[in-house]
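The values are calculated or read from the model by the stated rules, or taken from the named source; none is laboratory data. Just so we're clear, the structure is a prediction, and the values are computed from it rather than from any experiment. Here the Cβ is made from the backbone with ideal geometry for all residues, glycine too, and neighbour counts use every protein chain on show.
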Ligand code: NAD
């Protein structure tokens, strides 16, 4: 395992991606941040990771719907760090609507950000990993990569696709010291989840409190949201030497949801 490891985490200006980037920096890994947001806030996060953990933290604002942006993101990380050892495909968006009313451009955007971007990033990064005999690819899928919920056609389709992509890449890369796994979290209280509460309330004709209790936490037997740190710890383990035999897996971290 090279040291220090160099990681690209897509969608790491917020939520789970930021949690993973922070956990990686705490392990001494150099980080390429990516995602949208206020430029000043992103710069503050980047500088804090460097100051607190003594790593190199860079930022590239690639739009994950744009293949050329994604290629340049990986290239910039390879140039700055010398190589990319870890790729976390985390950028994601959501939209909640019944299928008859699902806006076509939203469907396409969800597939582009949540699924197709992972293909482009893996395609760009995996050659170097295979050549060096070490690499870790972690795709942030979802419990919705394994089971469905109504009103989330695009998201469920994208996340099931991510699980399939993960398995295929794992098989192609297994003999080269490169693993590829999917993490399938249940509900984590991030901006992505906060935003869907009012839409779900409208589609189901219930209150926002009922959405949290009866829609989000009801399928999670633990009856609590998953912590960002719990997902980040799993991602960190998957990138360790000890996880070298875990590949092609879709790992649930969902409070028991997928056990139903
Ligand atoms: P979030 O909204 O907090 O973060 C999403 C990140 O993706 C942000 O940094 C955002 O800027 C970035 N992003 C969105 N569109 C982008 C684009 N076109 N180009 C580049 N970056 C873009 O959401 P989150 O909950 O932290 O979600 C992170 C991942 O975890 C997503 O793939 C999501 O589907 C998955 N996930 C989330 C939950 C949950 O309950 N929060 C559960 C399962 C899976």
The residue from 178, 193 that alone is more than 22 Å from residue 32 (Cα to Cα) and either more than 16 Å from the ligand (Cβ to nearest atom) or at pLDDT below 95 (or both) is 193
Going through the range 81-114 in order, the residues found to be within 15 Å of the ligand (Cβ to nearest atom) and within 24 Å of residue 236 (Cβ to Cβ) are 87, 88, 89, 90, 91, 92, 113, 114
Of the residues in the range 143-181 that are closer than 18 Å to residue 96 by Cβ and touching a strand residue (DSSP E or B) at 6+ places or on another chain (Cβ under 6 Å), the one that is surrounded by the most Cβ atoms within 10 Å (Cβ to Cβ) is 145
The helices (runs of 4 or more DSSP H) lying wholly within the range 1-86 that contain at least 2 residues that are in contact with a strand residue (DSSP E or B) (Cβ under 9 Å, 6 or more places away or on another chain) and farther than 30 Å from residue 187 by Cβ are 39-53, 67-81
Restricted to the range 237-254 and to residues being buried (at least 20 other Cβ atoms within 10 Å of the Cβ) and more than 11 Å from the ligand (Cβ to nearest atom), the residue farthest from the chain's Cα centre (by Cα) is 247
